[in-house]
Amino acid sequence: MKINWKKLEEKWRRKWEKAKIFEADPDPERKKCFVTFPYPYMNGPLHVGHGFTATRVDVYARFKRMQGYNTLFPWAWHWTGEPIVGAALRVKMGDQKEIRALKVIDGVPEEKLKKLVDPVYMAQYYTRESKKAVRRIGYSIDWRREFHTTSLEPTFSRFVEWQYNTLREMGYVAKGTHPVVWCPNCESPTGDHDRLEGEGVSPEEYTLIKFPFNNSYLPAATFRPETIYGVTNMFINPEATYVEAQVEDEKWIISKQAAEKLVEQLRKVKIEREFKGIELVGKFFRDPITKRKLPILPGWFVNSDSATGVVYSVPAHAPADWIAIKDLVENPGRLQEVGLDPGIVKNIKPISMISVEGFGEYPAVEIVKQLKIKDQFDPKVEEATNILYKKEFHTGVLKPICGKYAGKLVKTVKTELIEDFVKDNIADSIYDIPQEVICRCTTRCLVKILADQWFLLYSDPEWKIKTHEAADKANIYPETARSYFHDRMDWLREWACVRRTGLGTPLPWSPGWIVETLSDSTIYMAFYTINKHIKQHGIKTEQLSGKVFDYIFLEKGNVKKVAEDSGVEPAILEEMRAEFLYWYPVDLRISAKELIPNHLSFFLFQHTALFPRELWPRGISVNGMVMIEGAKMSKSKGNFVTLKNAINQHGADATRLTSILGAQGMDDPDWREKNASSTNVKLQSFHNFLNQLTKNSGRKEITSLDLWLLNAIQKRIHQVTEALETLKTRTAAEVGFFEIWNDIRWYLRRVRKPNQIVLNQVVNIWIRLLTPFIPYTCEEFWYLMGNRDFISTTDWPSYDKSKINVEAEESESLVKNLLEDTLNIIKATEITPKRICYYVSAPWKWNVYLKSLEKSTPIRVTLGNLIKELMTDPELKSMAGSVTKFVKETLDEINRMPDDRKKRRLQSVMNEKKILKEAKRFLEREFNVTINIYDEEDMQRYDPKKRASIAKPYRPAIYME
RNA sequence: GCGGGGGUGUCCGAGUUUGGUCAAAGGAGACAGGCUUAGGACCUGUUGGCAUAGGCCUGCGCGGGUUCAAGUCCCGUCCCCCGCACCA
């Protein structure tokens, strides 16, 4: 019988929604549980990655709900930011790649496509589609609290305005400047995702050493200002265009491009004259430290696009400089071209100023030789530079020539040196990008310093301390993520929290700025608690003043006054305040681990800023990022599985279970089509299996096997519950689904007729344990078993210690071991037995065995001591030979047995013969043989090969023929 | 570079905190048998090597060490993945 999942899912979803079982309202009588999932960004459909994380949230929500917690799982949509606008724009421009992705991956129908040129329509479209998927997969959501972000949901915007006004009043938001990678065409910062080229490149601050030249300066850019002590000359590209410019109140000579850059970096620049670099070649400048006069040489390798286009040369320590000089020496013709006396170049001698392990006086000269670098255009120059820079930075010590910095490690003195140089007006700085960055619009980017930018001051030391405290207090799953949090919090600095473009909420005090996407999503969980009221009571945007939020969230002000001013009934205000306090704090938030450094940290930061300690988040869980067929999920590469498609293909429960079984902890789960369809098949068999189980009409009396199964299921309850409490969702699903299945399978194999009452009990527990993972299947079966309530809201199975039965477990493991041993013998001997005899140990062996166990607890016992001890027993003494032989054979095993096992064996001594007799029919069936069971010393026994004497406690002797 | 997470059998993946039922759970795949009109269904067995009696050998990235005992603890070493900001 093939199951129609779609129909089954539909049926139960309707019933759940009709009965409103997931709508949660405050109930002071009950403990509450508030779980959240970061609202997904609506520039595309939900994918199985969202599904994985959100399913973990839902599993926990359903688990807690069944445990009796009043559980709230709300949902919302994130519209804030640039990408939706960008995507809509690309559709408008007819970008084929974008359109193809929409059609093929997202499955957007043709007629909708035209409308997607409008970002708002796009957001609405994906929100609608995604909501369908979220409902279909069966998340237990209270939709009354749903919303989306940006000014298009004005009530939420009011909330964000309140949040930022409050943060500003508290001094956590401030104005500042900041360098960004900037596209002059788009007139906006160019993030990684908006780049055609230069991913991961960010602005770097170069130090400029200002070398006096006539009445002006040549500001040469460097990451290694300490090397100024080794300067021998300057390189200028003779073919590049340079300018003489007034920069503030100094005259600088820099490349034309550099002058343009400085303008973007808030410098006052006035270009006075443009000229070719060759004009400078052959002239002399001064070293600002020693005042030496040094020459300017032609450097065709100098990139005028990079920094200032002015480069000073340190041939002793910079391979590029050394090789450039060498080139000039070897090609006097080139010097003549530019009218330079070769003698000047020949006279240049490297100046050694850093001593570094493994190198002599002139490391650059050595490394050029080692790597066999041909000339300044050899690609190996870069490699040489990297090696040497790294080495000199970490292990290099400045030589006496370096004045007050002599004897110090480069690494430790660098910052101080730069500060000194700036103070002495020897140095300045410029920002630049070390590699080319090209915007999506094909424009070349540069660094711009944004003025009037607003920042969240995550650098504030007190705020940091409080947030660390919040991270310490919260439950974090897995625990290994905690140090990651602390580390990232230390590292966070000012965060630019507003943008010029994209959808969002305008910054209340500064129109033209929009609260940036990661900054309007930090405390919005509080909004869920009151959005229900806003909708129910039709509260208008303009009624939601700062005072209203102040009252609800911070209990500031007088209700009556607030009510009067806002026009919101005092009772409603009080209700909202109460509802907020009921649900807050957030008990659990789950996201992928990529959000730890930003979103989840901001979430903690802002809660500590705005709310008292008792409302700080209680729990955070992170998980890995979903891979598709072993590779990173990527829409542009087509390696992308939408949630909707997964559900269509495999059904909701299979999609849930496949995701959950994929991974836990910080590991990345791998979504494989094959796994999902195999899970689907497994769920079908699960359904059939349950049908069979409950149709059986077996016996009524309780046997030890029934006790064993009841014991086993109790252990499983314990395991699953424990795993879920600590968000080990994979373990929980694995134990709940597969291990219990195997338990029941074993039971059915062992018993001839199952006990139907026991089986029903076990099935009843089983499907309840599985409800969080596969709610539709379980709901259906719960109904088929005759229940008329929802399994989704029924009680979670509770662990009943009284049903734990060590004896049943031990007897069963005796049978399992015996079965294994017997099989092993059959395999080794390759005989097909017709008859098998088992011989259980003689009483004296048990006597010795138990005494040995006792003596070896808790510390190991030696053979000699043990035998001495045993010989005090006259009966054993009379058979000293056998006893010694037996002890020799068993002592090793006994000594290496873990203590708790020893204790267990001492506590319940089993009757082997009785157990084997009970298992006789089973074993006969298994091996298709006749079985005889004897006492080891039974005079009547059949024992042609004299095997009986091998018997040990827990290990009957075996004979077969 | 800084920080985080890892390396286990054909594959995926537990186990490592608290050393001992660990030749190593569970799943997938493969093989064999059973059931069946049929089955991408189900059940049973096998799936590191050797072995005509329940055993032995090898084994958890690599090299050492601690211990009666190490996948698990210690030291060293190699390799892989992820994040690093104005962007969701």
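The values are calculated or read from the model by the stated rules, or taken from the named source; none is laboratory data. Being a predicted model, the structure only gives us computed values, none of them experimental. Neighbour counts are summed over all protein chains in view; Cβ atoms, including those assigned to glycine, are modelled from backbone coordinates with ideal geometry. Accessible surface areas use protein heavy atoms only, side chains included; no ligands, DNA or RNA. Shrake-Rupley method; radii C 1.70, N 1.55, O 1.52, S 1.80 Å.
Take every DSSP beta bridge whose two residues both sit in chain A, then give the antiparallel share in percent to the nearest 5.
70
Count the net charge of all other residues whose Cβ sits under 11 Å from the Cβ of A:P154, scoring Lys and Arg as +1 and Asp and Glu as -1.
It works out to a net charge of -1.
If you take every residue apart from A:K390 with its C-beta less than 12 Å away from the C-beta of A:K390, what net charge results, scoring Lys and Arg +1 and Asp and Glu -1?
Here the count lands on +1.
Could you grab the relative contact order for region A:684-804? Cα pairs under 8 Å, six or more apart, rounded to a whole percent.
Values: 115 pairs, mean separation 43.1, N = 121.
RCO, region A:684-804: 36 percent.
Could you work out the local net charge near A:I867, counting Lys and Arg as +1, Asp and Glu as -1, over the other residues with Cβ closer than 12 Å to its Cβ?
Its environment carries a net charge of +4.
If amide hydrogens are placed 1.01 Å from N in the peptide plane, which non-local residues have theirs closer than 5 Å to the one on A:R589?
A:T36, A:G619, A:I620, A:S621
Report the trypsin sites (Lys or Arg not before Pro) located in region A:23-59 that are in a DSSP loop and have at most 14 other Cβ atoms inside 10 Å of their Cβ, or state none.
Those that pass, being in a loop and sparsely packed, are A:R30, A:K31.
Over the alpha-carbon set of chain A, divide Rg by the Kirkwood Rh and report the Rg/Rh ratio to two decimals.
For chain A, the value is 1.11.
Classify region A:537-584: rounded, prolate or oblate, from the alpha-carbon gyration tensor (a ≥ b ≥ c, eigenvalue square roots; a/c under 1.5 rounded; otherwise prolate if a/b is larger than b/c)?
It is prolate, given that a/c is not under 1.5 and a/b is the larger ratio.
Give, rounded to the nearest 20 debye, the magnitude of the charge dipole that region A:523-563 has about its Cα centre when Lys and Arg contribute +1 at Cβ and Asp and Glu contribute -1 at Cβ.
So the dipole magnitude of region A:523-563 works out to roughly 120 debye.
Karplus couplings for region A:75-91 from phi (6.51 cos²θ - 1.76 cosθ + 1.60, θ = phi - 60°), rounded to Hz, Gly and Pro as x?
Going residue by residue, I get 9, 8, 10, 9, 10, 6, x, 8, x, 4, 4, x, 5, 4, 5, 5, 5 Hz, with x marking Gly and Pro.
In percent, how large is the relative contact order of region A:817-960, given Cα pairs closer than 8 Å and 6 or more residues apart?
Relative contact order, region A:817-960: 47 percent.
With the Cα gyration tensor of region A:684-804 giving a ≥ b ≥ c as the square roots of its eigenvalues, does the rule (a/c under 1.5 for rounded; else a/b larger than b/c for prolate; else oblate) give rounded, prolate or oblate? Walk me through the intermediate numbers first.
On the way: a/c = 1.66, a/b = 1.23, b/c = 1.35.
Cα axes put region A:684-804 in the oblate bin.
Using just the helices of chain A, give the 222 nm mean residue ellipticity in deg cm²/dmol: DSSP H runs with n ≥ 4 each add -39,500 (n - 2.57), and the total is spread over all residues, rounded to 500.
Calculated at 222 nm, the ellipticity per residue is -14000 deg cm²/dmol.
Run the 1.4 Å probe and let me know the accessible area of A:E614, rounded to the nearest 10 Å².
It works out to around 120 Å².
Note down the relative contact order for region A:128-215 as a percent, whole number, built from C-alpha pairs under 8 angstrom at least six residues apart.
It rounds to 11 percent for region A:128-215.
For chain A, with the dipole built from +1 on Lys and Arg beta-carbon atoms and -1 on Asp and Glu ones, taken about the Cα centre, which of A:I702, A:P342, A:V181 lies farthest toward the positive end?
A:I702
So how far, in whole Å, is the C-alpha centre of region A:322-380 from the one of region A:775-833?
About 79 Å separates the Cα centre of region A:322-380 from the one of region A:775-833.
Relative to the Cα centre, what is the charge dipole magnitude of region A:817-960, using +1 at the beta carbon of each Lys and Arg, -1 at the beta carbon of each Asp and Glu, and rounding to the nearest 20 debye?
My answer is approximately 80 debye.
Using the crude model of +1 on Lys and Arg Cβ and -1 on Asp and Glu Cβ, and no other charge, please compute the dipole size for chain A relative to its Cα centre, in debye to 20.
Rounded to the nearest 20 debye, it is 3500 debye.
List, in order, the whole-Hz ³J(HN,Hα) value for each residue of region A:246-261 obtained from phi through the Karplus relation with A = 6.51, B = -1.76, C = 1.60 and θ = phi - 60°; use x for Gly and Pro.
Those phi angles translate into 8, 10, 6, 10, 10, 9, 10, 10, 9, 5, 4, 4, 4, 4, 5, 4 Hz.
Which chymotrypsin sites (Phe, Trp or Tyr not before Pro) does region A:1-91 hold that lie in a coil by DSSP with at most 15 other beta carbons within 10 Å? Spell out each step's value before the answer.
On the way: sites: A:W5, A:W12, A:W16, A:F22, A:F34, A:Y41, A:F52, A:Y60, A:F63, A:Y69, A:W75, A:W77, A:W79; in loops: A:F22, A:Y69, A:W75, A:W79.
Sites meeting the loop and neighbour criteria: none at all.
So for A:M525, A:M939, A:M910, A:M170, what's the accessible-area order with a 1.4 Å probe, most first?
A:M939, A:M170, A:M910, A:M525
How much solvent-accessible surface does A:H148 expose, in Å² to the nearest 10, with a 1.4 Å probe and all protein chains in place?
30
Between region A:386-449 and region A:146-216, what is the separation of their alpha carbon centroids in Å?
24
Rounded, prolate or oblate: pick one for region A:204-432, where a ≥ b ≥ c are the square roots of the eigenvalues of its C-alpha gyration tensor, a/c under 1.5 means rounded, and failing that, prolate if a/b is larger than b/c, else oblate.
oblate
Please name which of A:H687, A:Y954, A:A307 has its Cα lying farthest along the dipole of chain A towards the positive end, using unit charges on Cβ (Lys, Arg +1; Asp, Glu -1) and the Cα centre as origin.
Of the candidates, A:Y954 comes out farthest on the positive side.
May I ask you to list the trypsin sites (Lys or Arg not before Pro) in region A:238-305 that are in a DSSP loop and have at most 14 other Cβ atoms within 10 Å of their Cβ?
A:K268, A:K283, A:K291, A:R292
Quick one: 3J(HN,Hα) in Hz for region A:764-781, Karplus 6.51/-1.76/1.60 with θ = phi - 60°, rounded, Gly and Pro as x.
4, 5, 4, 5, 5, 5, 8, 4, x, 8, 10, x, 5, 4, 5, 4, 4, 6
Report A:D668's accessible area, 1.4 Å probe, all protein chains in place, as a number in Å² to the nearest 10.
70
Ignoring any ligand, DNA or RNA, what whole percent of the accessible area of region A:331-383 comes from carbon and sulfur when the probe is 1.4 angstrom?
Answer for region A:331-383: carbon and sulfur cover 52 percent of the accessible area.
Would you work out which of A:T149, A:Y164, A:M122 lies farthest towards the positive end of the dipole of region A:121-170? Charges go on Cβ: Lys and Arg +1, Asp and Glu -1.
The Cα lying farthest towards the positive end belongs to A:M122.
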